[in-house]
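Structure first, commentary second.
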Amino acid sequence: MLPCKRPAQSALRLRRLNSRVGRVQDKVALVTGGASGIGRATCLLLAHEGAKVAVADLDLRGAEAVAAEIRGRGGQSLALPLDVVEEADWQRVVAAVVDAWGDLDILVNSAGIGAAKPILDTSLADWRRMMAINLDGVFLGTKAGIAVMRQRGGSIVNLSSVLGIVGRAGSAAYSASKGGVRLFSKSAALECAANGWNIRVNSVHPGYIATPMVESHLARAADPAAARRGVEQYHPVRRLGRAEEIAEGILYLASDAASFTTGSELVIDGALTAR
């Protein structure tokens, strides 16, 4: 008997990619902070997997570029301006998505800001801005999503952080906002379940990811190279994560593969919180 030949590595990779296409086929998704970083990676992956994707961001030009990229690849996408702290903006954006595609199946609350300041250097204005964008924005988005999804069900994915699970000196305001996202998501999941709404609500907790926000923070350090090494070594795997790696976790939670997953926290952090 002749021995079986293994397919070429490239063929195997292509087969895996093709088998994954369609995990959110024909679903309607709205992603905030979609112009860059994890939001952008999520928009592109959801579209690749068959979803119609609304790219929402305060940076409309950036959102339009991502939507154009999706359409250029044969997908369906639209760009919408959104200030996540404005409830009227949320109502307008959700209405626009439903008007365009008839429903909303997936909501990814990815928009957020980061800052590292000692408590004594954090003004009340700094604190309130952090809470408004990172926590109030998630509350308003989840509220708007539930209002539409409670009829037919859906998935809401809220971006938290590893610093929503563990603390770190110099990041108290950020940790508080992301810790709030974690527990808010659990409470929202329980409320949806108690009401019999088929809406799953989960949080995602990335480690430090090589996004424009993180890169700009490192660039402002007195010694950017040393700052990068320090952040890399903060993870046991000794590197920053990639936005695409977080998008894969978000895709899972958005898909029907996660039909029994709600009120959970998905940690994607290179073992940072394992210690």
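Every number here is computed from the coordinates shown, using simple stated rules; none is lab data. Small disclaimer: the values here were computed from a predicted structure and weren't measured. Using ideal geometry, Cβ is built from the backbone for each residue, glycine included, and neighbour counts are taken over all protein chains shown.
On the beta carbon distance between Leu124 and Gln151, with R0 = 51 Å, the FRET formula returns roughly 0.80. Give me the lysines in straight-line cross-link reach of Lys27: C-alpha distance below 17 Å, same-chain residues under 8 apart excluded. Those lysines meeting the cut-off are Lys52. Computed from backbone phi, the HN-Hα couplings of region 235-241 come to 9, x, 7, 6, 7, 7, x Hz, rounded to whole numbers (Karplus: 6.51 cos²θ - 1.76 cosθ + 1.60, θ = phi - 60°; Gly and Pro given as x).
In straight-distance terms, cross-link reach from Lys186 covers every one of the aspartates and glutamates whose alpha-carbon lies under 17 Å from its own, apart from those fewer than eight places away in the same chain; here that gives Asp136, Glu265.
Distant-in-sequence amide contacts of Asp269, defined by a placed amide H-H separation under 5 Å and a gap of 5 or more residues or a different chain, comprise Gly207. Per-residue 3J(HN,Hα) values for region 98-106, derived from phi via the Karplus relation 6.51 cos²θ - 1.76 cosθ + 1.60 with θ = phi - 60°, read 5, 5, 6, 10, x, 6, 9, 9, 9 Hz in sequence order (x marks Gly and Pro).
Sparsely packed loop sites in region 16-117 (the GluC sites (Glu not before Pro) outside DSSP H, G, I, E and B with at most 16 other Cβ atoms within 10 Å) comprise Glu86. Shown for Val214, Val157: other C-beta atoms within 10 Å of each C-beta, ranked fewest to most, produce the order Val214, Val157.
In the chain, helices alone account for a calculated mean residue ellipticity at 222 nm of -14500 deg cm²/dmol, with every DSSP H run of four or more residues adding -39,500 (n - 2.57). For Asn198, the residues whose amide H sits under 5 Å from its own are Gly153, ignoring neighbours fewer than 5 places away on the same chain, with H placed 1.01 Å from N. The ranking of Trp90, Trp197 from fewest to most other beta carbons within 10 Å of each one's beta carbon is Trp197, Trp90. In order along region 36-50, the phi-based Karplus estimate (6.51 cos²θ - 1.76 cosθ + 1.60, θ = phi - 60°) of 3J(HN,Hα) comes to 7, x, 4, x, 4, 4, 5, 4, 5, 6, 4, 5, 4, 8, x Hz; Gly and Pro are listed as x.
Which FRET efficiency value, to the nearest 0.05, do you get for Ala221 and Asp99 by plugging their Cβ-Cβ distance into 1/(1 + (r/R0)^6) with R0 = 45 Å?
Calculated value: 0.50.
Cross-link partners for Lys117 among the aspartates and glutamates, with Cα-Cα distance under 12 Å and sequence neighbours closer than 8 places in the same chain left out: Asp126. Please find the FRET efficiency linking Val166 to Ala65, where r is the Cβ-Cβ separation and R0 is fixed at 30 Å, and quote it to the nearest 0.05. After rounding to 0.05, the efficiency reads 0.30. Ordered by the count of other Cβ atoms within 10 Å of each Cβ, fewest first, His48, His205 give His48, His205. Put simply, the amide H of Val85, placed in the peptide plane, has no neighbours under 5 Å, leaving out anything fewer than 5 places away on its chain. Residue ranges 167-173, 242-248 sort as 242-248, 167-173 when ordered by packing (mean number of other C-beta atoms within 10 Å per residue, highest first).
Maximal additional length on extending the Phe260-Glu86 stretch stands at 59.4 nm, based on 0.36 nm per residue less the C-alpha distance. Remark on region 72-228: ratio of C-alpha radius of gyration to 2.2 N^0.38 Å is 1.15.
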